[in-house]
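Novice: Pasting a structure here, questions to come.
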Amino acid sequence: MPTVLVTGANRGLGLAFARQYRADGWDVIATCRDPATAPDLAATGAEVHPLDVTDDAAIQALGQTLASRPLDVLINNAGIYPAKGPQGSFGNVPVDPWIDCLRTNVIAPWKMAETFVDHLLKAERPVLATISSKMGSIGDAASPGSVIYRSSKTAVNRVVKSLAIELGPRGIICLSLHPGWVLTDMGGPNAWVTPETSITGLRRLIAQATPADSGRFYAYDGQEIPW
Ligand SMILES: NC(=O)c1ccc[n+]([C@@H]2O[C@H](COP(=O)([O-])OP(=O)(O)OC[C@H]3O[C@@H](n4cnc5c(N)ncnc54)[C@H](OP(=O)(O)O)[C@@H]3O)[C@@H](O)[C@H]2O)c1
């Protein structure tokens, strides 16, 4: 059975990834900050490891723990959205949450790739998928606000492009994926896509991706998004 590793899998989209891949019979390596408080994740039957993605030493230690394991899919899912709404509006944007956001949403996906590249290279058609957001698109930008989150997703899109350039020649397909506006803690109650629908679409994209898709930005419904 293929193996997927997903970060931030204790709730929201990460949990939905773990559930769906397990239901399909995959081996799921799921990480979260505190497995002791993640009963829903434990119930999926995934193999759970503690990981704060901003802790580079912990990423490397997990890489060592899983050293012999091939990874068919690595999903950089963990993310934060600090200073939503008026807290993050022009004239009012806080610095430390911005730095935290860059560490979580931008630097961690790169460090995960550096650490797990050898695991991915053990698989036949490895895919490195990073959950970005249309809110980071420059080509599609029209709305104000949320500069912390938006700029982090813009930056991680460039990270994915760089990974595609670095790792494409080695056979790793690198995707930037927008899940839609999804009903999770982050998406809030007004979102209109269920986690199940979003993850069904994202899993389809991951399953069907070819090297020609590497370094590209897709929504869960298959639409390509301008950078
Ligand atoms: N929901 C949407 O509408 C939407 C839209 C576009 C993109 N996205 C992206 O989709 C991804 C998942 O979002 P979601 O909606 O599932 O959000 P969520 O419900 O807020 O869940 C976020 C997950 O990330 C984890 N996380 C945050 N910081 C972490 C860290 N330092 N180390 C490890 N895990 C960490 C959280 O763990 P804790 O429980 O420990 O905090 C949680 O499991 C994010 O990258 C997000 O930006 C979501």
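Just so you know, all these numbers are worked out from the coordinates, no wet-lab data involved. Computed from a predicted structure; not experimentally measured. All Cβ positions, even for glycine, are placed from backbone atoms using ideal geometry, and neighbour counts span all protein chains on display.
Novice: Could you tally up the Lys pairs in the stretch 3-219 with alpha carbons closer than 18 Å? Skip any pair fewer than 8 positions apart unless they're on separate chains.
Specialist: Count of close lysine pairs: 7.
Novice: All other residues with a Cβ under 14 Å from the Cβ of THR197 taken together, and with Lys, Arg as +1 and Asp, Glu as -1, what is their net charge?
Specialist: Local charge sum for THR197: +1.
Novice: Magnitude of the Cβ-charge dipole of the stretch 1-91, K/R +1 and D/E -1, about the Cα centre, nearest 20 debye?
Specialist: 240 debye
Novice: How large is the dipole of the chain about the Cα centre if only Lys and Arg carry +1 and Asp and Glu carry -1, each at its Cβ, rounded to the nearest 20 debye?
Specialist: The calculated dipole for the chain is roughly 360 debye.
Novice: Sticking with this one: For THR115, THR44, what's the fewest-to-most ordering of other Cβ within 10 Å of each Cβ?
Specialist: THR115, THR44
Novice: Can you compute the modelled spin-label distance between ASP118 and TRP192, with each label point 7 Å from Cα toward Cβ, in nm?
Specialist: 4.8 nm
Novice: Separate question: How much of the DSSP bridge set in the chain is antiparallel, in percent, rounded to the nearest 5?
Specialist: Restricted to the chain, the bridges split so that about 5 percent are antiparallel.
Novice: Okay, next question. When only C-alpha pairs under 8 Å and at least 6 residues apart count, what is the relative contact order of the chain, in percent?
Specialist: Relative contact order comes out at 18 percent.
Novice: Specify whether the C-alpha gyration tensor of the chain places it in the rounded, prolate or oblate class, a ≥ b ≥ c being the square roots of the eigenvalues: rounded for a/c under 1.5, otherwise prolate if a/b is larger than b/c and oblate if not.
Specialist: rounded
Novice: Provide the net charge surrounding SER133, with neighbours chosen by a C-beta distance below 10 Å and charges set as Lys +1, Arg +1, Asp -1, Glu -1.
Specialist: So the environment of SER133 carries a net charge of +3.
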